[in-house]
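A.B. asks: Just dropping this structure here.
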Amino acid sequence: MTTADTSVVARLGGETFLARAFGREFRIARGDATTVAGLLGWEDVNAILARHRLEPPRLRLCSGGEMLPQHLYTRPVTTRRNTVWNRIQPAALHERLAAGATLVLDAADELHARIGDLAAQLERDFRTAVQANLYASWTANEGFGTHWDDHDVVVVQVDGAKRWRLYGPTRVAPMHRDVEAPEPPPAEPIADLVLTPGDTLYVPRGWWHAVAAENGGRSLHLTFGLQSTTGADLIGWLADTLRTHQAVRADVPRLGTAQQKRDFAETLLKLVTAELEAEGVVDRYAEFRDATEQPRQAPSLPYVDGVPASPGLPVRLLVSRASVTRDPDGRVVLTAGGEEWIFAPQVHAMLTLLLDCRSHRLGELAQTSGVRVEQAAAAVTELVAGQVAHVGTVTT
């Protein structure tokens, strides 16, 4: 989507969507070609396929829920160092796609900057990790059959038309690791939608759906998968935080008396109950998830020994849910990627500006905080060394 466009959450309904539909019901926001102008084109897809060595399952062709053997559209190549990789054979690739296969590229956000920017926006909006997969098809064949996903998805139609038949869930909040599988879906869908360029669709996890290119025409869309955050995750976090207690670290008295076993269980019950009843436990867990979000990978070459004090250098954070606070001494604390950095109070404004994850010139950052460019460069050098910030080069 264009940078000037409203956010995906806003297009889906903003706060009303988050309060009433997120995790519960599907939502669709209609758009047009201008909505996705500049996001992704067929030449971008061609460039990715031509310039990267992509092995299954990162790149795959699927038909009827099955992944096609790689040898049907690639040829092994042995390098002079005797490593083997599989080169795409365009004619064979075209043949398989024309015959009904769907092309799938996982983690397209790591291969295309504009897709990565939209994924980062979604991470800020939904406060969770996001991965974008690319899907391209040319026939009415279903690449995956009727299925459900163990995570919510946001779909953006880029080119052509795609038909989505939604059947709803048959098990509330199913998980990848679960105690039982969902029942089969009903025979008739509860919604039959055709997405065209610029349309955005939200589908909660566990919703059965079937997808195919409309009328056998070509289709290109992106599916942004939102990492689920469940009660099981919160309980796992509590188990880690409770390791400070000796009773949690102690051996389970599996060879003890009946009374010893009851006492042990009662002690754990009191500890866990106290944590769950504490004010703001869900917010604390959400803050923990934000603080430990892993940064997106982006080296800052050629600056291997520090960031130069060049006002034109573009700087951006690589984590979408960092936070800037102050400690009791008034110093500035940036929390990002599971680490904390402590800075002088003067750089508070520049660090706050970086929280939008957009590129800002080093000179702009320095001016915002009223510090010298050298001081701003020193602060950014620490963040680059911590792998949570990226510095580009000055372009003319």
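A.B. asks: Consider the stretch 235-269. How many of its residues are closer than 24 Å to VAL172 by Cβ and either open to solvent by 60 Å² or more (accessible area, probe 1.4 Å) or not in a helix (DSSP H, G or I) (or both)?
C.D. replies: Of the residues in that region, 1 qualify.
A.B. asks: Follow-up question, since we're still on this one. Could you check the stretch 308-321 and list, in sequence order, the residues that are farther than 12 Å from ARG361 by Cα and open to solvent by 20 Å² or more (accessible area, probe 1.4 Å)?
C.D. replies: PRO308, ARG321
A.B. asks: If you don't mind, another one. Out of all the residues in the stretch 290-297, is one or more open to solvent by less than 60 Å² (accessible area, probe 1.4 Å) and either among the acidic types (Asp, Glu) or more than 30 Å from VAL371 (Cβ to Cβ) (or both)?
C.D. replies: Yes, the stretch 290-297 contains at least one residue that is open to solvent by less than 60 Å² (accessible area, probe 1.4 Å) and either among the acidic types (Asp, Glu) or more than 30 Å from VAL371 (Cβ to Cβ) (or both).
A.B. asks: Just checking, does the stretch 283-295 include any residue being among the aliphatic types (A, V, I, L, M), at negative phi and in contact (Cβ under 8 Å) with a residue 12 or more places away in the chain?
C.D. replies: yes
A.B. asks: Can you tell me which of ALA298, ALA389 is within 22 Å of THR128 (Cβ to Cβ), at pLDDT below 95 and small (Gly, Ala, Ser)?
C.D. replies: ALA298
A.B. asks: Check every one of the strands (runs of 3 or more DSSP E) wholly within the stretch 125-234 and list those with 2 or more residues that are free of Cβ contacts under 8 Å to residues at least 40 places away in the same chain and either more than 23 Å from the chain's Cα centre (by Cα) or more than 25 Å from SER7 (Cα to Cα) (or both).
C.D. replies: Fully inside the stretch 125-234 and qualifying: 191-195.
The values are calculated or read from the model by the stated rules, or taken from the named source; none is laboratory data. Owing to the predicted nature of the structure, the values given are computational and were not obtained by experimental measurement. As a convention, Cβ positions derive from the backbone with ideal geometry for all residues, glycine included, and neighbour counts pool all protein chains shown. Side chains included, ligands, DNA and RNA excluded: accessible areas come from the protein's heavy atoms. Shrake-Rupley method; radii C 1.70, N 1.55, O 1.52, S 1.80 Å.
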